[in-house]
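One structure is given below, encoded as structure tokens.
Laboratory data are not the source of any read-out in this text; all were calculated from the coordinates shown. Just so it is clear, the model here is predicted, and its values are computed rather than measured. Cβ placement follows ideal geometry from the backbone for every residue including glycine, while neighbour counts extend to all protein chains displayed.
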Amino acid sequence: MKYIFLLTTAIVISTTIFAQQQTENDPDREFIYRGRQYIPHTPWWNVGFGYGYNFDEKKGEPNFMVDVHFRVKKKYYFGTGYLTSRSEFLDKYGDNFFLPHSYVKNSVNSLHFLYGWRIERLFRNFGFFLGPSYNWGYKFSYSDSTGDYHEAYIEPGFYASVQFSQKLYYDLGIGVTLWTSLNKSYQAAGFTLHFYFSTAFKRELK
């Protein structure tokens, strides 16, 4: 039994080292790890929720984001995605689960287009991206005796993100994205805890 355990341990360690060497020494080569065949450097998604800071209102606020990335050449990738950072998400006053967008006091919705680079390893994924964005939402306008007033805006802007993912499997993991969304009417930055989904899986070997 002891020898079987030692042999199994040696096989697992050697397989891990071999797969790691393949992803580092020949990053475009398909490889087999734990009975599954994978394709390195395929598209991936990050989806998650987080918390950030609105520099105009000087307040914290929740956010939601989804990004997808595609390889252009070698380590360089094109990305596109959507981020919303707003004062409230849940409807505390009405019958809706989510607060309707027109009722949100402060918000930015960012549709962004990104270019950047990625470093992919067997257990980790790291990326840095930046690019232009199309933004819309609501911002504070003025106050009077009856209360605060907010106005809608639509503006171009700039978006950048740094992301790190720890892989649970080669194609699935969890991580954090640090981002900033800047335009004339709304400046915000924050972090998002995300799920990492990759299309690297090709087939399971029997």
In whole Hz, the Karplus estimates of ³J(HN,Hα) for the range 46-57 (6.51, -1.76, 1.60; θ = phi - 60°; x where Gly or Pro) are 10, 9, x, 10, x, 9, x, 9, 8, 6, 6, 8
What ranking, highest mean first, results for peptides 67-77, 188-198 when packing means the other Cβ atoms within 10 Å averaged over each residue?
-> 188-198, 67-77
Under 12 Å from the Cβ of Trp45, count the other residues' Cβ atoms, weight Lys and Arg +1, Asp and Glu -1, and hand me the total.
-> -2
